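The block underneath contains the structure these notes are about, expressed in structure tokens.
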Amino acid sequence: MAPTSFDTLGFVRDVLVGTIMLAIVLAFHGICLTRIAFNYELKSRLSFARKRPERVFIHFYLAIMALALVHVAAVVLWALALTLSGLVTDFTQSILFAGSCYTTLGFMENILPAGWRAVAIIMTLSGLFSMAWSTSMMISMTDHFREAWIKKHENLMRRILESEAVDYRPDVKTMAQIADVKNGPKTDHRATIENGGKIDDK
């Protein structure tokens, strides 16, 4: 049986169309991510300024949910492209196939017609880049989440440390540095340390 000849022109067309869709999906993803990150940053800072750190938790979970919905929207974008271009006639099949490629699960066979199979690879690449982008965004958002958690449970942690007789005051070196800043470099640190780590305001 003679080997099938490679359709160079069709492959180039396939990659070109797929790359255009890849750029559209990534641009959409980037716009949504920056908007979500801006809203989260703004609302978190407002919550800290208003002495309501517990609200940061709500903003965090809402932001995570928004990120998940952005990925769902990206799958729908790919499905619309497949359906409107006539590559897949059934929109439900388009959704399932786009989701299979975008999430890299691969639970469906490649249902694209001959000459357009490489689009599935580009759909998978869009999912990989988008997931990585969202993951880095989520990691950056955990800074405010951790700060809010510490502020919310600060009194509880202090009581636990006191009950365990743990000295959570700054160490000797830190107190000596504070004394230098407060009273000048010639301060006798031993008096400060012997005073239980307290600095006189004299």
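The values are calculated or read from the model by the stated rules, or taken from the named source; none is laboratory data. Because the structure is a prediction, the values reported are computed rather than measured. So basically every Cβ, Gly included, is an ideal-geometry build from the backbone, and we count neighbours across all protein chains shown. In case anyone asks, the SASA skips ligands and DNA or RNA and just uses the protein heavy atoms, side chains included. Shrake-Rupley method; radii C 1.70, N 1.55, O 1.52, S 1.80 Å.
Is it the case that the stretch 73-81 has a residue that's touching a residue at least 40 places away in the same chain (Cβ under 8 Å), closer than 25 Å to residue 11 by Cβ, open to solvent by less than 50 Å² (accessible area, probe 1.4 Å) and in contact with a Gly (Cβ under 8 Å, 6 or more places away or on another chain)? Yes, some residue in the stretch 73-81 is touching a residue at least 40 places away in the same chain (Cβ under 8 Å), closer than 25 Å to residue 11 by Cβ, open to solvent by less than 50 Å² (accessible area, probe 1.4 Å) and in contact with a Gly (Cβ under 8 Å, 6 or more places away or on another chain).
Within the stretch 149-172, identify whether any single residue is open to solvent by less than 90 Å² (accessible area, probe 1.4 Å), modelled with pLDDT of 85 or more and assigned to a helix (DSSP H, G or I), and answer yes or no. There is at least one residue in the stretch 149-172 that is open to solvent by less than 90 Å² (accessible area, probe 1.4 Å), modelled with pLDDT of 85 or more and assigned to a helix (DSSP H, G or I). Determine the pairs where a residue that is on the phi > 0 side of the Ramachandran plot, located within the stretch 31-46, has a partner that is open to solvent by less than 20 Å² (accessible area, probe 1.4 Å) and small (Gly, Ala, Ser) with Cβ atoms under 8 Å apart, the partner being 6 or more residues away or on another chain. That search, which allows pairs on different chains as well, returns nothing. Within the stretch 6-40, the set of residues being among the charged types (D, E, K, R) and open to solvent by 60 Å² or more (accessible area, probe 1.4 Å) comprises 7, 13, 35. What residue, among those in the stretch 87-102 that are part of a loop (DSSP other than H, G, I, E, B) and open to solvent by less than 50 Å² (accessible area, probe 1.4 Å), is nearest to residue 16 (Cα to Cα)? Checked the stretch 87-102; the qualifying residue nearest to residue 16 (Cα to Cα) is 87.
Within the stretch 43-53, the set of residues being part of a helix (DSSP H, G or I) and either surrounded by 14 or more Cβ atoms within 10 Å (Cβ to Cβ) or under 16 Å from the mean Cα position of the chain (by Cα) (or both) comprises 43, 44, 47, 48. Scanning the stretch 54-68 turns up at least one residue that is surrounded by fewer than 18 Cβ atoms within 10 Å (Cβ to Cβ), modelled with pLDDT of 90 or more and among the charged types (D, E, K, R). Is it the case that residue 26 is out of contact with any His (no Cβ under 6 Å at 6 or more places or on another chain), in a helix (DSSP H, G or I) and free of Cβ contacts under 8 Å to residues at least 60 places away in the same chain? So residue 26 does not fit the description; no.
Take residue 107 and tell me if it is farther than 23 Å from residue 35 by Cβ and at pLDDT below 90. Judged against the criteria, residue 107 is a match.
Among the conditions (1) modelled with pLDDT of 90 or more; (2) closer than 18 Å to residue 25 by Cβ, residue 116 misses just one, which is (1). Among the residues of the stretch 23-38, is there at least one that is over 19 Å from residue 129 (Cα atoms) and of a type in the set (D, E, K, R)? No: zero hits. The set of residues from the stretch 103-141 being open to solvent by less than 70 Å² (accessible area, probe 1.4 Å), of a type outside the set (A, V, I, L, M) and touching a residue at least 40 places away in the same chain (Cβ under 8 Å) comprises 115, 116, 126, 127, 130, 134, 140.
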